[in-house]
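The numbers here are math on the coordinates, done by the rules we state, and not lab data. Computed from a predicted model, the values in this text were never measured in an experiment. In this analysis, Cβ positions are derived from the backbone assuming ideal geometry, glycine residues included, and neighbour counts consider all displayed protein chains.
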Amino acid sequence: MDAASVERLLYHESGLKGVSGLGHDMRMLLSSRDPRAAEAIELFVQRVVQETGGMAALLGGLDGLVFTAGIGENAPAIRAKVVTRLAWLGLDLDADANARHGPRLTRPGARVSAYVVPTDEELMVARHTIDALAPADGQ
């Protein structure tokens, strides 16, 4: 396999598409009745929960959990699954707030709060590019 084939495999055929065989768009997977879509969603949620739980263990707990970017901002079903599975950390999902996309997703009084925070990834890339291209020391 040449470098271009490896790149295509990693960047275009892996992840959600590689597991489901259907595609990488979470919206499409959530609307699908195909069991492979459900398997890809389950694996995605499992990995988020596993990594968050691991980080919480290393940090000695969490103060808050933030959902952002495409899936985090736009997939209440995914947020609900993640928050529910992380309830042991002190998260208590407010289903109505989650359906409204927050910004706060947890009930008042929850030990750990969860939020939806919109991002503008393109703007951040542009800002970092400008900073990287700027002359050093104002020269």
Cβ-Cβ below 6 Å, separation at least six or inter-chain, first residue in segment 51-79 and touching a residue at least 12 places away in the same chain (Cβ under 8 Å), second among the basic types (K, R): which pairs? F67/R79
Can you give me the number of residues within segment 83-100 that are exposed (fewer than 10 other Cβ atoms within 10 Å of the Cβ) and closer than 26 Å to E51 by Cβ? 1
Restricting segment 101-133 to residues that are surrounded by fewer than 10 Cβ atoms within 10 Å (Cβ to Cβ) and aliphatic (A, V, I, L, M), the residue that is farthest from F67 (Cα to Cα): L133
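Which ones in segment 107-136 are in contact (Cβ under 8 Å) with a residue 12 or more places away in the chain, at negative phi and over 17 Å from the mean Cα position of the chain (by Cα)? Write out each step before concluding.
Going through segment 107-136, the residues in contact (Cβ under 8 Å) with a residue 12 or more places away in the chain turn out to be 107, 109-119, 121.
Next cut, at negative phi only: 107, 110-119, 121.
Listed by number, the residues that qualify are R107, A110, R111, V112.
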In segment 40-88, residues that are over 12 Å from the mean Cα position of the chain (by Cα), of a type in the set (S, T, N, Q) and more than 15 Å from S113 (Cα to Cα) total 1
